[in-house]
């Protein structure tokens, strides 16, 4: 969704986004139907890009090796990410300060790791009417929610609070392609990260929750601090237990939830964050114009190191044929993992 929304926003501003993924899926088909050039092969594009905006190490490295003499940025979306360090990645971006820490741990210089927070498409997620004095309906909004994870604890808490609970997500076989049409029907939403941000923008009271743990009911007193961590894993500190969830449900305050929504809609809209990315593209292109070009051997070694880190020997044996790396960089990557004898 990040890629789709960004591509459409850039196209609306007169830019020409090119979207690459080795596995397109239904979102890729949908994006192409809206006029965006989408390909699962890099040699199929009608033109070369001015800049590579990468997510996920393998396709990012592949794109940079294919489009030589093009600079890049890389966006880290999760603390479990393994970001590549590559000579033509001029700037790394983190969606929160937890991911920024991850970039530095991976070897990215601190001055090359900046934060651009996630956004909400305010044209889709419109405000609902005022919340009732007492909550009447609750929603668990997550692809990770299931009977095998934490659904049971949330259902138990809602039962005790007298709150009927619905669930949206892949884990229960009930995904929603249009959550913006659903969220406004609920007064309390259990979610994290992007799902939580969307629910807050609509105007529901949000309790941060995931299989990793429980956070807090987001309030106007802490919404700015919680956004620093993307309403995500770093702040889910309590175990997922019904009594802990009940304590957060008891903090329900319709007026405060309305203030949280107002703040999110003021600070986290799509347009403002796209402005930041466009400014970053221009900054990177300006710096690239003044930067000596790295030699090819250095790039190949960096590509090999990045692939080794993200795939690792056990997994790479299964996936190496699916990894589209070019020329001698592929040989170097394979040797870095298996040693030269395996690939004679």
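The values are calculated or read from the model by the stated rules, or taken from the named source; none is laboratory data. Only a predicted model underlies this, so the values are computations on that prediction, with no experimental measurement involved. So basically every Cβ, Gly included, is an ideal-geometry build from the backbone, and we count neighbours across all protein chains shown.
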Residue selected from the range 221-232 under the condition part of a loop (DSSP other than H, G, I, E, B) and in contact (Cβ under 8 Å) with a residue 60 or more places away in the chain, by the criterion farthest from residue 117 (Cα to Cα): 232
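Matching residues to (1) over 21 Å from residue 188 (Cβ atoms); (2) free of Cβ contacts under 8 Å to residues at least 12 places away in the same chain:
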residue: 234; (1), (2): yes, no
residue: 244; (1), (2): no, no
residue: 255; (1), (2): no, yes
residue: 271; (1), (2): yes, no
Residue 270 being over 27 Å from residue 151 (Cα atoms), under 18 Å from the mean Cα position of the chain (by Cα) and either assigned by TED's automatic domain parsing to the domain that holds residue 192 or modelled with pLDDT of 95 or more (or both): yes
Residues being touching a residue at least 40 places away in the same chain (Cβ under 8 Å) and either part of a helix (DSSP H, G or I) or under 24 Å from residue 265 (Cβ atoms) (or both) - total across the range 130-176: 19
Among (1) over 18 Å from the mean Cα position of the chain (by Cα); (2) closer than 19 Å to residue 135 by Cα; (3) surrounded by 24 or more Cβ atoms within 10 Å (Cβ to Cβ), the one test that residue 214 misses: (2)
Residue among 197, 208 that is modelled with pLDDT of 95 or more, surrounded by 21 or more Cβ atoms within 10 Å (Cβ to Cβ) and not in a helix (DSSP H, G or I): 208
Qualifying residue in the range 233-256 (condition: under 22 Å from residue 119 (Cα atoms), in a loop (DSSP other than H, G, I, E, B) and in contact with a helix residue (DSSP H, G or I) (Cβ under 6 Å, 6 or more places away or on another chain)): no
Residues that are outside any helix (DSSP H, G or I) and within 23 Å of residue 179 (Cβ to Cβ), drawn from the range 1-21: 1, 19, 21
Residues being assigned to a helix (DSSP H, G or I), surrounded by fewer than 15 Cβ atoms within 10 Å (Cβ to Cβ) and either in contact (Cβ under 8 Å) with a residue 60 or more places away in the chain or at negative phi (or both) - total across the range 22-72: 7
Of all residues in the range 79-98 being touching a helix residue (DSSP H, G or I) at 6+ places or on another chain (Cβ under 7 Å) and over 22 Å from residue 294 (Cα atoms), the one that is surrounded by the fewest Cβ atoms within 10 Å (Cβ to Cβ): 82
